[in-house]
1. What are the residue pairs meeting all of these: first residue in the stretch 173-189, first residue of a type outside the set (Asp, Glu), second residue open to solvent by 10 Å² or more (accessible area, probe 1.4 Å) and away from the ligand (no atom under 12 Å from the Cβ), Cβ atoms under 7 Å, and 6 or more apart or on different chains?
2. Any residue in the stretch 47-61 that is of a type outside the set (Val, Ile, Thr) and in a loop (DSSP other than H, G, I, E, B)?
3. Checking residue 400 against (1) open to solvent by 20 Å² or more (accessible area, probe 1.4 Å); (2) out of contact with any strand residue (DSSP E or B) (no Cβ under 6 Å at 6 or more places or on another chain), which single condition isn't satisfied?
4. Does residue 171 qualify as being open to solvent by less than 10 Å² (accessible area, probe 1.4 Å), away from the ligand (no atom under 12 Å from the Cβ) and either aromatic (Phe, Trp, Tyr) or more than 26 Å from residue 246 (Cβ to Cβ) (or both)?
5. Would you point out the residue of the stretch 262-284, among those that are among the charged types (D, E, K, R) and out of contact with any helix residue (DSSP H, G or I) (no Cβ under 6 Å at 6 or more places or on another chain), that is farthest from residue 444 (Cα to Cα)?
6. Given 45, 80, 92, which one is out of contact with any Phe, Trp or Tyr (no Cβ under 9 Å at 6 or more places or on another chain) and of a type in the set (A, V, I, L, M, F, W, C)?
7. Within the stretch 428-471, take every residue that is surrounded by fewer than 24 Cβ atoms within 10 Å (Cβ to Cβ) and within 16 Å of the ligand (Cβ to nearest atom) and give me the one that is farthest from residue 194 (Cα to Cα).
8. Assess whether residue 229 counts as being within 16 Å of the ligand (Cβ to nearest atom), β-branched (Val, Ile, Thr) and within 14 Å of the chain's Cα centre (by Cα).
Amino acid sequence: MPLSTLSILTAAQLSQLLRRGEVTSRQITESCLSVIREKNPRLNAFLEVFADEALSQADESDRRLFDGAPLSPLDGVPVAIKDNLLYEGHIASCASRMLEHFVAPYTATAVQRLRQAGMPILGRLNMDEFAMGSASETGAFGPVKNPLDPSLVAGGSSGGSACAVAAGMVPLALGSDTGGSVRQPSALCGVVGVKPAYGAVSRWGLVAYASSMDQVGVIARSAEDAAMVMQLISGGDEKDSTSEENLRFHQLRLPDMKKTRLALPVEWFGAELDCPVPGSENALSFARAMEAAGATLVPVSIPALEDALAAYFVLSCAEASSNLARYDGLRYGHQTAMPEDLSALYAKSRGEGFGQEVKRRILLGTFTLTSGYQDKYYLRAQAARERLTREFRAVMESCDGLVCPVSPRAAWELGQKPDSVALYQSDLYTVPANLTGLPALSFPWGQAGHMPGSVGLMGHKTGLNRILGIAAMAETLKGGGANG
Ligand code: GLN
């Protein structure tokens, strides 16, 4: 097996090669490192590579494999992590000047579980600052470029994770998804992205953006690979009281298509399935292919979708303004030099540490929580969220999955900087899963110009295995995984 081809294999294929003794974890890790050396200077996906450490973790894994005692099916397969996940002794910057030198004092549960499964951690991945954005351009350390066409954005906020997986720098990556940040960059880079149900993966050690919606997610080259990671990281954790053991992901199962019912919201596909909204054509072509394979398509109406995007931005900014209050220049993070007094210390440290988009969200969130405006914005957004949750619950009672577009547009030109509202609109199809707490994923399907097209699926709270199974079926229909 030539080492240069290792970087395009799936994690499941690498796992088999490792178990058959045809490659070593060190060889896989070295091949990833060589792709990173070659491509990262241009693509800017990795903010830091833990080369020596990952190689010694790979050697430990090789010893276990040699002794016939692997810790998990992914023992020896490298992974990289978004830079808002803590890994003890390593910087976790959230792509912000505020945390540029912040060293994590402990390890996030999801990362810990990957280490316990024997996976070498290759490095930390670029993102939008504090996970706020949809193009990975708001970070303080430069934008991430799309590996399929470096003149275009990689999507965001987990753009570094999607770019690294799509470029063959690493087979698997963790990201986070508060409003679409795993699914949308995966869609723009042509890989698979999974946002588990709220509570399926512990948020312990994930830097908080909007705590009622944040979830750790997985970016991979196939549905099967994403399922393998979900098996390792999901399940209850005493350190996060919102995590739930009954949301543990057990196994990928291919569904019986003849018994599969797929919901299509008329708000996105039209009553006549005429695709009135941008980005829905590939989703409809996927639904048609599933229908041809035996699935039943069920048109449904979810009127509350109309308010989802507005509700998301009111609630996420409100939560962000409260979560980011902890960066006060005193306890951790950037501290201004020689402030005149305490209030100057706060103001200057925050003013210098945060970028423009983060400041905008803190201002918006603080405003909507101000007394007098709370009823008008925050409480109305909460009510819209409840309506949406009720309507989705009703639909999911009789369907196995809901088909949706992921992004209204394919990857756009880097540096184009659409105005904030236009950028916020790119989250239109992804935020409902975060508001309702349901599991959701995206995978490549069709084309969007010269770039890959994508489809989204949402499932029951406990139904990630079903929608992952449907995505895996779709891959077999197309004849292979994300790169197939
Ligand atoms: N693009 C969305 C936002 O800017 C989603 C971010 C995310 O999921 N972290 O809020």
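The values are calculated or read from the model by the stated rules, or taken from the named source; none is laboratory data. Just so it is clear, the structure is predicted and the values come from calculations on it, not from any experiment. With ideal geometry, Cβ positions are generated from the backbone for all residues, glycine too; neighbour counts draw on all protein chains shown. Remember, those area values only see protein heavy atoms, side chains included, never the ligands or the DNA or RNA. Shrake-Rupley method; radii C 1.70, N 1.55, O 1.52, S 1.80 Å.
1. 187/454; 188/410; 188/411; 189/147; 189/148; 189/166
2. Step one: list which residues in the stretch 47-61 are of a type outside the set (Val, Ile, Thr), which gives 47-48, 50-61.
Cutting the leftovers down to in a loop (DSSP other than H, G, I, E, B) gives us 50.
Yes; the residues of the stretch 47-61 include at least one that is of a type outside the set (Val, Ile, Thr) and in a loop (DSSP other than H, G, I, E, B).
3. (2)
4. Numbers: open to solvent by less than 10 Å² (accessible area, probe 1.4 Å): yes; away from the ligand (no atom under 12 Å from the Cβ): yes; either aromatic (Phe, Trp, Tyr) or more than 26 Å from residue 246 (Cβ to Cβ) (or both): yes.
Yes: the conditions hold for residue 171.
5. Step one: list which residues in the stretch 262-284 are among the charged types (D, E, K, R), which gives 267, 272, 274, 281.
The next check asks that each one be out of contact with any helix residue (DSSP H, G or I) (no Cβ under 6 Å at 6 or more places or on another chain); those that pass are 272, 274, 281.
Numbers: 272: 25, 274: 21, 281: 13 Å.
Top of the filtered list is 272.
6. Details: 80 fails: out of contact with any Phe, Trp or Tyr (no Cβ under 9 Å at 6 or more places or on another chain); 92 fails: out of contact with any Phe, Trp or Tyr (no Cβ under 9 Å at 6 or more places or on another chain).
That would be 45, the only listed residue that is out of contact with any Phe, Trp or Tyr (no Cβ under 9 Å at 6 or more places or on another chain) and of a type in the set (A, V, I, L, M, F, W, C).
7. 428
8. Values: within 16 Å of the ligand (Cβ to nearest atom): no; β-branched (Val, Ile, Thr): yes; within 14 Å of the chain's Cα centre (by Cα): yes.
No; evaluated as a whole, the condition is false for this residue.
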